[in-house]
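Reviewing the structure listed below.
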Amino acid sequence: MHYLQIILVAAVVLLLAKFVFGASIKRLIELLINILLGIIVIWLINQFGGSLGISIPLNFITALVVGVLGFPGVIILILLNLIGII
């Protein structure tokens, strides 16, 4: 259920951005798809990185970081986790 809440919040934020900033629907859909892929990547990291001591919290901010920055966002989150910030 937690994943569904993140997806719903992301969709609402993107719709608000559409109305407030006039962003194109195509760009907002691309961002939503990237956020969904970010959720999957964070979930995979949490599943397989536990033995290495890597556990990234899955919330809207981390999903948005991975959604906007892509693979470099994943690396940033892993580094932040390793140095103890997240």
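The values are calculated or read from the model by the stated rules, or taken from the named source; none is laboratory data. No experiment lies behind these values; they were computed from the predicted model shown. Cβ coordinates were reconstructed from backbone atoms using ideal geometry, including for glycine residues, and neighbour counts include every protein chain displayed.
In table form, for the structure just shown:
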| read-out | value |
| --- | --- |
| Members of segment 29-74 found to be more than 27 Å from LEU15 (Cα to Cα) and surrounded by 12 or more Cβ atoms within 10 Å (Cβ to Cβ), listed by number | ILE45, ASN46, GLY49, ILE54, SER55 |
| Unique residue being touching a Pro at 6+ places or on another chain (Cβ under 7 Å) and touching a residue at least 24 places away in the same chain (Cβ under 8 Å) when the list is ILE78, ILE86, ILE6, ILE39 | ILE86 |
| Segments classed as helices (runs of 4 or more DSSP H), wholly inside segment 15-86, with at least 1 members that are over 13 Å from the mean Cα position of the chain (by Cα) and at pLDDT 90 or above | 25-48, 71-82 |
| Any chance ILE7 is of a type in the set (A, V, I, L, M, F, W, C) and either part of a loop (DSSP other than H, G, I, E, B) or in contact with a helix residue (DSSP H, G or I) (Cβ under 6 Å, 6 or more places away or on another chain) (or both) | no |
